[in-house]
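Let me begin by presenting the structure, written as structure tokens, before commenting on it.
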Amino acid sequence: MKYYENPLSLNLCGIDLKNPVIAASGTFAFGFEFSKLYEIEKLGGISVKGLTREPREGNPSPRIAETYGGVLNSVGLQNPGVETFAKNLLPFLAPKDIAVIANIAGSTEEDYCYMAERLSSEAAVSFIELNISCPNVKAGGMAFGIEPKSVQAITKLVKKYSKKPLIVKLSPNVADIALNAKAAENAGADAISLINTVQGMAVNAETRRPILKNVFGGLSGPAIKPIALRMVWQVYNAVKIPIIGMGGIMNETDAIEFFLCGATAVQIGTANLIDPLASLKIVEGLRHFVERNKLKNLQDIRGKLIVE
């Protein structure tokens, strides 16, 4: 089926995707395990596990905790490093008809610039996703994505080194998400992805200790969907570049809510941990929605939320 004949197809920053369902970073690894269950090419894209310049072992265990309506994680960006990814893991994804989003995380500006340039040289990489929720070790540990000024600065810098469309992934742990999104757009971002996890913690009442060894963790899952929808709607009304929405999407109805709030595409995260077939089921559910509502293309409902 040609893209123009496919009612779920879209063009995201000049890249054709067969559908707007993307596996979110950190929940799909590099696709190996899921490829044993179904053809991952049936998804629109995959945002690979967050990459750092050097390999990382991540935080000590326990680093996962279930909570009401979600999951807390403090995995700590465990990954094999950018070089191992490019040389040993990317070749698995290269021949597949799926957009590969390289999610990069750094602790210095130099880290981000190096990885953006290095991964831009790989033909199989479609996008660079800039995870700016990481602490800037040269600025007292404050995350790159907290203040609009720092968002604009890191985006503008990395944009110079990225030869692929640059997606800026925003943290929800900020004062004004719209200002940060606008700062990224002004600095040259090609798209925005939001939201990253919401900071939280879990406590064991019997031992009187935090459940996570790292004390704090990132909350994902259905519990954060109302926050994510609100922020996607705010950003949609503040910027002109595409938005990739995420945060608690468990089924096609959740995804449709994000499209109505202005998302061009969605990323599926925690749902993959609960049901390995979740992303594929959402693709099929969206197809049925389009047919049932006699839409020419799913993008026709983007931003069509009725607010009176």
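The values are calculated or read from the model by the stated rules, or taken from the named source; none is laboratory data. What you are looking at is a predicted structure, and each value in this text was computed from that prediction instead of being measured. Backbone-built Cβ (ideal geometry, glycine too); neighbour counts: all protein chains shown.
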**Item:** Matching entry among Lys96, Lys49 (being touching a Phe, Trp or Tyr at 6+ places or on another chain (Cβ under 8 Å) and in a loop (DSSP other than H, G, I, E, B))
**Value:** Lys49
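Per-residue answers, yes or no, for (1) crowded, with 20+ Cβ neighbours inside 10 Å; (2) charged (D, E, K, R):
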| position | (1), (2) |
| --- | --- |
| Leu8 | yes, no |
| Cys13 | no, no |
| Lys36 | no, yes |
| Val48 | yes, no |
| Pro60 | no, no |
| Ile64 | no, no |
| Gly76 | no, no |
| Glu83 | no, yes |
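Considering only residues of the range 261-305 that are among the polar types (S, T, N, Q), out of contact with any Lys or Arg (no Cβ under 7 Å at 6 or more places or on another chain) and within 23 Å of Ser193 (Cα to Cα), which is surrounded by the fewest Cβ atoms within 10 Å (Cβ to Cβ)?
In this case the residue turns out to be Asn297.
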**Message:** For the range 272-302, give me each residue that is free of Cβ contacts under 8 Å to residues at least 24 places away in the same chain and not acidic (Asp, Glu).
**Reply:** Arg292, Asn293, Lys294
**Check on Asn103, closer than 22 Å to Thr197 by Cβ and in contact with an Asp or Glu (Cβ under 6 Å, 6 or more places away or on another chain)** = yes
**Request:** Could you please give the count of residues in the range 183-199 that are modelled with pLDDT of 95 or more and more than 15 Å from Ser47 (Cβ to Cβ)?
**Result:** 7
**Prompt:** Of the residues that make up the range 181-198, is at least one more than 26 Å from Tyr114 (Cβ to Cβ), more than 17 Å from the chain's Cα centre (by Cα) and either buried (at least 17 other Cβ atoms within 10 Å of the Cβ) or among the basic types (Lys, Arg) (or both)?
**Reply:** yes
**Message:** Just to be sure I understand, how many residues within the range 100-125 are buried (at least 22 other Cβ atoms within 10 Å of the Cβ) and among the small types (Gly, Ala, Ser)?
**Reply:** 4
**Residue count, the range 98-136 (criterion: modelled with pLDDT of 95 or more and of a type in the set (Ser, Thr, Tyr))** = 5
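Any residue at all in the range 146-156 that is touching a residue at least 60 places away in the same chain (Cβ under 8 Å) and within 23 Å of Ser25 (Cβ to Cβ)?
To start, the set of residues in the range 146-156 that are touching a residue at least 60 places away in the same chain (Cβ under 8 Å) comprises none.
Looking for residues that are touching a residue at least 60 places away in the same chain (Cβ under 8 Å) and within 23 Å of Ser25 (Cβ to Cβ), one finds none in the range 146-156, hence no.
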